[in-house]
Amino acid sequence: MRLIALLSVFAMAGCATITTAHNYHGVNVEGGEVPIESVVIENTGWKIFDLIPIGGGDPQRPNSCSCRLFEDTTTLQNNLDMLDKEMKSVGATRIVNLCSRKIDESVFILLLTRTACRTSAVLLK
């Protein structure tokens with residue numbers, strides 16, 4: 001019973017977030033100012049034995065208290081889809097300094113694995 005409760009807590013811990021720093025100004029090639037947005041996207045999830053997904057963040061509903069049970073949503077493609085959606089919402093036309101990294105952390109001696117897929121970029125308007 002305790003194991004089921006513990007696994008339920010970990011399943012709800014998967015989340016997808018988008019953090020945006022607004023209203024910065026960069027300089028373009030001609031020397032004029034360009035509005036830019038700095039974006040960091042993170043999607044996390046949990047697996048048993050690094051094989052069986054328990055739960056992950058919902059890339060369709062970032063920044064909400066939601067998760068997808070028994071799905072591995074911590075993929076680069078899901079992060080790029082969230083980046084594309086954020087790009088459209090702020091009216092950006094270009095992406096520069098795009099960087100992604102996937103990190104696996106073992107908990108309880110390989111019983112549980114937390115996976116995080118992080119993407120950062122600068123969006124130009």
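Would you pick out the residues in segment 32-56 that are basic (K, R) and within 15 Å of T119 (Cα to Cα)? Those that are basic (K, R) and within 15 Å of T119 (Cα to Cα): none in segment 32-56. When segment 84-123 is examined, which residues are found to be surrounded by 11 or more Cβ atoms within 10 Å (Cβ to Cβ) and touching a Ser or Thr at 6+ places or on another chain (Cβ under 6 Å)? S100, D104, S106, T113, T115, A116, C117, T119, V122 - these are the residues of segment 84-123 that are surrounded by 11 or more Cβ atoms within 10 Å (Cβ to Cβ) and touching a Ser or Thr at 6+ places or on another chain (Cβ under 6 Å).
Scanning segment 65-93 for residues that are farther than 25 Å from I48 by Cβ and of a type in the set (G, A, S) gives S89, G91, A92.
Scanning segment 76-115 for residues that are among the small types (G, A, S), in a strand (DSSP E or B) and at pLDDT below 95 gives a single hit, S106.
For segment 67-76, the set of residues classified as buried (at least 19 other Cβ atoms within 10 Å of the Cβ) and in contact with a helix residue (DSSP H, G or I) (Cβ under 9 Å, 6 or more places away or on another chain) consists of C67 only. Taking the criterion of being touching a residue at least 12 places away in the same chain (Cβ under 8 Å) and of a type in the set (G, A, S), the residues of segment 44-65 that qualify are G45, G55, G56, G57. When N79 is tested against (1) open to solvent by 70 Å² or more (accessible area, probe 1.4 Å); (2) under 17 Å from T19 (Cβ atoms); (3) without any contact (Cβ under 8 Å) to a residue 60 or more places away in the chain; (4) not aromatic (F, W, Y), exactly one condition is not met: (1). Take segment 106-125 and flag every residue that is closer than 22 Å to I54 by Cβ and under 16 Å from the mean Cα position of the chain (by Cα). Within segment 106-125, R114, T115, A116, C117, R118 qualify. Selection of segment 53-105 for residues being more than 14 Å from the chain's Cα centre (by Cα) and polar (S, T, N, Q) yields S89, T93, N97. Looking across segment 96-125, the residues that are closer than 16 Å to T19 by Cα and in contact with a helix residue (DSSP H, G or I) (Cβ under 7 Å, 6 or more places away or on another chain) come down to S100, C117, T119, A121, L123. Is it the case that S64 is surrounded by fewer than 16 Cβ atoms within 10 Å (Cβ to Cβ), within 18 Å of T17 (Cβ to Cβ) and polar (S, T, N, Q)? Criteria met by S64.
Consider segment 2-55 and keep the residues that are among the aromatic types (F, W, Y) and modelled with pLDDT under 70. The one that is surrounded by the fewest Cβ atoms within 10 Å (Cβ to Cβ) is Y24.
The values are calculated or read from the model by the stated rules, or taken from the named source; none is laboratory data. As the structure is a prediction and not an experimental result, all values here were calculated from the model. Glycine gets a Cβ as well: all are built from the backbone with ideal geometry, and neighbour counts include every protein chain shown. These area figures cover heavy atoms from the full protein model, side chains too; ligands, DNA and RNA do not enter into them. Shrake-Rupley method; radii C 1.70, N 1.55, O 1.52, S 1.80 Å.
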